[in-house]
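The values are calculated or read from the model by the stated rules, or taken from the named source; none is laboratory data. Since the structure is predicted, the reported quantities are computational estimates derived from the model, not experimental observations. Virtual Cβ from ideal backbone geometry, glycine too; neighbours counted across all protein chains shown.
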Amino acid sequence: MAVHIIGRYSEIFLKKGRRSYFLNVLRSNLRAALADLPGCKVSTPYGRILIESDDHSPDEIIQRTKRVFGLNDLAVAYIVERLPEESPEQLFDRIAEKVIERAKVAKEDGAQTFRMSARRIDKMFSIRSSELAGELGARVLEAGVGLSVKLRGYDVNIEIEVRPEDVYVTAGRIPLHGGLPTASNGKAVLLLSGGIDSPVAGWLTQKRGVRIDAVTFDSFPLTGPQVQEKVRSLARILSGWSPALTLHVVPFGDLQMMFRDYVPARLLLLLYRRSMLRMADQLAQQSKAQALITGECIGQVASQTLYNLRAVEAVTPTPVLRPLITYDKSEVVTLAEDLGTYPISIQPHQDCCSLFVPAHPELKGDAGRLQALEDRLDDLASLEEKALQARETYYFPPYGIGEIRKKDGSS
């Protein structure tokens, strides 16, 4: 039996002159997410996404497509084909059969009440939407399905859309995350730590249509190998929402030991962050990314005062996106729990930003003073270049389908 899944979108519909571009990206992303389900067809009838398959169950399709940004909801649909010679009354009878069929399924699933909704995309169809909904609702009651009408607080909303070529009959929507299709709004590099905040910042940026690559800074052997494994696990989750994701692992221990030996301890964290931002900016230029992303939030920790944020970002002309800048920690934790990164982020492995940092770091960093300190470090530029050249690169498959590949081709 053929399966039809209808996807609805809202923000894309508002794009007017660029709507076709966003729909093309969305269609491409859906095909990537369904790559391991051969035979699935993705099309874009007016105002909707339609996924069709003769070989796979609705659950299989929905499980893969629910992580594709740009869709507001999904629904399993019965499709009634419109025939050239039939009258509106004849079409109505065939629609009623499908509506009753869908109502019976809802009853079997435990529903007790229903609402009937109708919409005419084809304004030439002679029965008005309100009349159509009322008459179809009456048919359900006459069929003795066992559902009663309830206009608010109903268990299931049975919806029909009358279109020029066919009619969609659905019952119940599966809410998704909306946003814009990932990779429709450029590319950015995420500074990904093993903490709670940066994975959520990356996810929120993906939701706005930005494809992300990630960079993490590894202090091995000053920290254990578990830190890198932790970050790869976080990147794997983020890749499940994206058509492509690359993770760069940059060794940072030599730079940290140099900073520890030659600069005041209270400035260490700011100098770490400036060095990371410089190297992330070089990766962004190499990959033609238009921005950097961090998980910073005003005042959450000492390095994230407005003074310090300004002192750190002074090293790069590239825009620094901070999706969490006004979030409370509890709000970020809720998002991390929903995303599935929280249990990984709270694993007690020390990351590079906590090494050698005193109990009371600088709160009012000054970019000029930090730059003067860096100018005295003759090896700084060469160590940063050496670290970038020594980085390991991992390629994550589209929407988590497949194996992670290392740059040398290993898995």
Among the residues of region 99-113, is any assigned by TED's automatic domain parsing to the domain that holds residue 31, hydroxyl-bearing (Ser, Thr, Tyr) and over 30 Å from residue 13 (Cα atoms)? yes
Could you run through region 110-129 and say how many residues are more than 20 Å from residue 87 (Cβ to Cβ) and not aromatic (Phe, Trp, Tyr)? 8
How about region 359-405: which of its residues are touching a strand residue (DSSP E or B) at 6+ places or on another chain (Cβ under 6 Å) and of a type outside the set (Lys, Arg)? 387, 390, 392, 393, 394, 395, 396, 404
Give the residues of region 205-222 that are touching a residue at least 40 places away in the same chain (Cβ under 8 Å) and buried (at least 20 other Cβ atoms within 10 Å of the Cβ), sorted by residue number. 205, 206, 209, 210, 212, 213, 215, 217, 218, 219
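Conditions tested, residue by residue: (1) under 19 Å from residue 400 (Cα atoms); (2) among the charged types (D, E, K, R); (3) at pLDDT below 90; (4) assigned to a helix (DSSP H, G or I).
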residue: 215; (1), (2), (3), (4): yes, no, no, no
residue: 222; (1), (2), (3), (4): no, no, yes, no
residue: 235; (1), (2), (3), (4): yes, no, no, yes
residue: 274; (1), (2), (3), (4): no, yes, no, yes
Can you confirm whether region 188-200 contains a residue that is of a type in the set (D, E, K, R) and either surrounded by fewer than 24 Cβ atoms within 10 Å (Cβ to Cβ) or under 22 Å from residue 29 (Cβ atoms) (or both)? no
Kindly indicate whether any position in region 65-81 is without any contact (Cβ under 8 Å) to a residue 12 or more places away in the chain, surrounded by fewer than 18 Cβ atoms within 10 Å (Cβ to Cβ) and within 27 Å of residue 13 (Cβ to Cβ). no
Under 7 Å between Cβ atoms, at least 6 apart or on separate chains: pull out the pairs that start in region 360-379 with a residue that is farther than 16 Å from residue 265 by Cα and end on any residue that is in a helix (DSSP H, G or I) and small (Gly, Ala, Ser). 367/311
For region 252-259, state whether one or more residues are farther than 18 Å from residue 386 by Cβ, among the aliphatic types (A, V, I, L, M) and not in a strand (DSSP E or B). no
Applying the selection to region 281-325, what residues are modelled with pLDDT under 95 and on the phi > 0 side of the Ramachandran plot? 299
Taking region 26-64 and keeping only residues that are hydrophobic (A, V, I, L, M, F, W, C) and within 24 Å of residue 14 (Cα to Cα), one is left with 26, 30, 42, 49, 50, 51
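Rundown of residues vs (1) modelled with pLDDT under 95; (2) in contact with a helix residue (DSSP H, G or I) (Cβ under 6 Å, 6 or more places away or on another chain); (3) not in a helix (DSSP H, G or I), yes/no style:
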| residue | (1), (2), (3) |
| --- | --- |
| 368 | no, no, no |
| 371 | no, no, no |
| 378 | yes, no, yes |
| 382 | no, no, no |
| 387 | no, no, no |
| 394 | no, no, yes |
| 410 | yes, no, yes |
Output the qualifying pairs, or none if there are none: Cβ atoms under 6 angstrom, residues six or more apart or on different chains, first residue in region 94-107 and over 17 Å from residue 132 (Cα atoms), second residue surrounded by 19 or more Cβ atoms within 10 Å (Cβ to Cβ) and of a type in the set (A, V, I, L, M, F, W, C). 104/145; 106/156; 106/171; 107/145; 107/147
Quick one: which of 71, 34, 50 is at pLDDT 95 or above, under 29 Å from residue 403 (Cα atoms) and either among the charged types (D, E, K, R) or out of contact with any helix residue (DSSP H, G or I) (no Cβ under 8 Å at 6 or more places or on another chain) (or both)? 50
Checking the conditions here, which among 265, 291 is closer than 30 Å to residue 26 by Cα and of a type outside the set (Lys, Arg)? 291
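Rundown of residues vs (1) exposed (fewer than 15 other Cβ atoms within 10 Å of the Cβ); (2) over 25 Å from residue 98 (Cβ atoms); (3) in contact with a Lys or Arg (Cβ under 7 Å, 6 or more places away or on another chain), yes/no style:
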residue: 9; (1), (2), (3): no, no, no
residue: 20; (1), (2), (3): yes, yes, no
residue: 33; (1), (2), (3): no, yes, yes
residue: 44; (1), (2), (3): no, no, yes
